[in-house]
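Shown next, in structure tokens, is the structure this report addresses.
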């Protein structure tokens, strides 16, 4: 531990507040809260920790703290600081979930479809959301069996199997009146709005009547429909009779990870579930309250009238934070729901541990092992470069970023080579590295822990020369060499460069392969874009009277230069080109 950290730890106050952990670049990597700042912050630098906490501690180069007057203030401040700094070690509630709905379309002959997008302007009828797409599919299959709405997205010219099964009225060949469609839609709406029990009773009566009339085939159909309803709809027994909207929270934690399950109860029915899993760096009850505070800041998470929490959570603090009624039941149906949420969280956590461990093995642990093999600190941020050209034409370069073993695509960059003529890979690499890190220094952007170049000793020397002799930067640089089959062959580093011994089946070797493949893909993709534009421009730009607008009109009309070359003057004029210009294009394309 650095001396300045020891000095700051010695003067920490015994008061509530928030603390901000920073890395060597001054970036906030973790925000936490504490009832007693002195005890909490010191705990990170004493005792033993699990792997994920150890990774956080190893990155801490400095910290700040803000004293608050109460634990509630600390909780609210923590939420605001996490939102402001977006620290990588905090709970990331990237709520990109979209739940499925069943929709009755507003077409002349309506259809039943499953969708994740709700468009209130299309006059369709939406039902849901459902907990998952499987639940929505099961319900739709049941409705398809009972109600014969059309199934085809576009009407065919003959009847299909659904018609012969009695599951479609076949508006493609039969006249189906609006009245018939309206009656079926009304029945489906009644069914989905909770009237399926009445429909089940009606079907039972029809089944008995058909059996009395010795119509056994018809009776069997009714019996099957009843069985489908029982199998699909009556799985949902978790209902409340008071029709109050409420959210039920449960959580479980183990091995430094927490899983939170939320049951959304709307109009007395459990309609969907949210599952979140994340690493813990605080006490479980405090980690849960942090999650709870962030949960309702998301646009699609609306606070209901009532929130049900487990007994071991500080319900009074949660109520003050969220400004809603908080219930912590000790018995009854609500307690059963909390227990069920806790149980689901424990099961989900257990099932996910293997996947979490595998993901860490592929990413964070692979990065740590790579650092050890290279003899450098763990390279949390890796930037990789690759060049692409064809015999020196349209030379481009690309840079990608991997953070903790995962691609950070929003930080990828593309470069057109400006100062190099001909196929000179070394000078191209010099130019791009120079441009990249001059900008990084000017804009105070984070520097990488490791730079990887696609190439051997020459590329390595070029990059080191620019970094060390021109920019005064000391960043480890490694080169990835490919074999004659264009596969990752070896890793070199140092001056003079030496081969690093990596096992071919190790996760760090697989990580390097992913980085090399990704930067190559990104560079080649960019080169194709540039080359395509250049090819188009090089021919048409030489023709007087053809500007950007007419080039776009020609390309839109013909699709390619090849098609233009095959066109007559009259056909060129159809793209909105004057006769005299069309003649020039015709002559130029045939030179």
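Where a number appears in this text, it was derived from the coordinates with a stated rule and is not lab data. Computed from a prediction, not measured in an experiment: that's the story for all the values here. In this analysis, Cβ positions are derived from the backbone assuming ideal geometry, glycine residues included, and neighbour counts consider all displayed protein chains.
With the simple model of a label 7 Å out from the Cα in the direction of the Cβ, residue 297 to residue 555 spans 4.3 nm.
Based on the Kirkwood approach, the hydrodynamic radius assigned to the range 246-355 is 14.1 Å, with every pair of different Cα atoms included.
Fewest-first ordering of 12, 155 by other beta carbons within 10 Å of each residue's beta carbon gives 155, 12.
In the range 1-107, the ratio of gyration radius to Kirkwood radius, Rg to Rh, stands at 1.18 when only Cα atoms are counted. Placing R0 at 30 angstrom, the Cβ-Cβ distance between residue 474 and residue 501 gives a FRET efficiency of 0.80 after rounding to 0.05. Each 5 Å bin from zero holds the following percent of Cα-Cα pairs in the range 101-232: 2, 10, 18, 21, 21, 16, 9, 3, 1, 0.
Across q = 0.10, 0.21, 0.23 Å⁻¹, the range 324-432 modelled as identical point scatterers on its alpha-carbon atoms has Debye log10 I(q)/I(0) values of -0.58, -1.05, -1.12, in the order of the q list.
With all pairs of different C-alpha atoms in the average, the Kirkwood value for the hydrodynamic radius of the range 493-577 is 16.9 Å. Among beta bridges from DSSP that stay inside the range 246-355, the antiparallel ones total about 75%. If you take the Cα centroid of the range 1-70 and the Cα centroid of the range 140-208, the two points sit 63 Å apart. In this calculation the C-beta distance from residue 562 to residue 440 is compared with R0 = 56 Å, giving a FRET efficiency of 0.85. A straight chain from residue 151 to residue 542 at 0.36 nm per residue would run longer than the Cα-Cα distance by 135.3 nm. With the Kirkwood sum run over all distinct C-alpha pairs, the range 368-532 has a hydrodynamic radius of 15.9 Å. Centroid-to-centroid, using Cα positions, the range 521-591 and the range 460-516 are 43 Å apart. Taking only the Cα atoms of the range 541-589, the radius of gyration and Dmax are 9.2, 22 Å.
Inter-label distance, residue 343 to residue 118: 3.0 nm, where each label sits 7 Å from its Cα along the C-beta direction.
Among 364, 308, sorting on how many other beta-carbon atoms sit within 10 Å of each Cβ, with the fewest leading, yields 364, 308. Adding -39500 (n - 2.57) for every DSSP H run of four residues or longer, then dividing by how many residues the chain holds, sets the calculated 222 nm ellipticity at -14000 deg cm²/dmol.
Across the range 441-591 the C-alpha pair distances fall into 5 Å bins from zero in the proportions 2, 8, 13, 14, 9, 8, 6, 6, 9, 9, 9, 5, 2, 0 percent. Taking a ≥ b ≥ c as the square roots of the eigenvalues of the Cα gyration tensor, the chain is classed as oblate, since a/c reaches at least 1.5 and a/b does not exceed b/c. The range 142-185: D in µm²/s via Stokes-Einstein (Kirkwood Rh, Cα pairs, 10 °C, 1.306 mPa s)? Approximately 149 µm²/s, per Stokes-Einstein.
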